[in-house]
Amino acid sequence: MLCLCVMELAAQVREEKGRKVRSLRREGLIPAELYGHGLENKHLAVRVREFGKVFKEAGKNTLLTLSLEGEKRPVLIHEVQRDYISNDIAHVDFYQVSMKEEIKAKIPLEFLGESPAVKGQGGVLNKAITEIEVQALPDHLPHRLSVSLDALTELNASFYVKDLVVPKGVKILVEPETVLVTVTPPRVEEVEVTAPVDLSAIKVEDEEKKVKRVADKESAEE
């Protein structure tokens, strides 16, 4: 099977299963599974350090070559499980693809530049989506898709799916009018306005009370 993948990762077949996989981790290996359409699942192990380097560069949407028992297999990193305490990688699933069949994958969005509406007008940048699903042949999958924030020159301006520059052979599986990012006006804190106090009314009321108090006193003395 021809593979045009640039990155390569060595893997080995493992016999350890269940609790026995702990011994693999002590040896600096990560338990893994390899599966694909029409392929019998294989229990594998990969080196922690080597996998870390490849995963950092490839992510889950870049094709790589898995070297296994003298064969070169085109695969995607389908799932990575981490230990909930240490956050170390605990298990990896590889998906072997056919270079002649289109597949679906979620591609991360890369937000580039700076919005003039944010810089000059104090707008707030709101990212509605950070990844987008596409369909393409495995070797046509883009590593990421770029969103130009420079285009957001006014408040309430948005960047849509239809504005993305998509490589040839890649089909976007999201509605063209879907908003990816927008610039909203800056928040204005509401200030509670208290009605001014009419001091003249208070003064008049105080005078009336004074007159009444004097009159009551005089009546009492009589």
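Since every read-out is calculated from the coordinates, none of them should be taken as a lab result. In this text, all values refer to a predicted model and were calculated from it rather than measured experimentally. Reconstructed Cβ throughout: ideal geometry from the backbone, glycine too, with neighbour counts over all protein chains shown.
Which entries of K72/K127; K42/K106; K56/K127; K60/K162 show an alpha-carbon separation above 30 angstrom in the structure shown?
Beyond 30 Å between Cα atoms: K72/K127.
Which order do the peptides 98-108, 28-38 take when ranked by the mean count of other beta-carbon atoms within 10 Å per residue, highest first?
The densest-packed peptide leads the list: 28-38, 98-108.
Give me the log10 of I(q) over I(0) for region 101-166 at q = 0.13, 0.20, 0.24, 0.27 Å⁻¹, as the Debye formula computes it from C-alpha points; what are the numbers?
-0.42, -0.79, -1.01, -1.18
Using the Karplus curve 6.51 cos²θ - 1.76 cosθ + 1.60 with θ = phi - 60°, work out ³J(HN,Hα) for each residue of region 63-75 in order, rounded to whole Hz, and write x for Gly and Pro.
5, 9, 9, 9, 8, 9, 6, x, 10, 9, 10, x, 9
Kindly put I89, I77 in sequence by how many other C-beta atoms sit within 10 Å of each C-beta, fewest to most.
I89, I77
So what does the Cα-only Debye profile of region 8-98 read at q = 0.14, 0.20 Å⁻¹, as log10 I(q)/I(0), no solvent term?
At q = 0.14, 0.20 Å⁻¹ the computed log10 ratios are -0.45, -0.94.
Could you work out the pair-distance distribution P(r) of region 55-153 from its alpha-carbon pairs, with 5 angstrom bin width and percents rounded to whole numbers?
All Cα pairs, binned at 5 Å, distribute as 3, 11, 16, 17, 15, 13, 10, 8, 5, 2, 1, 0 percent.
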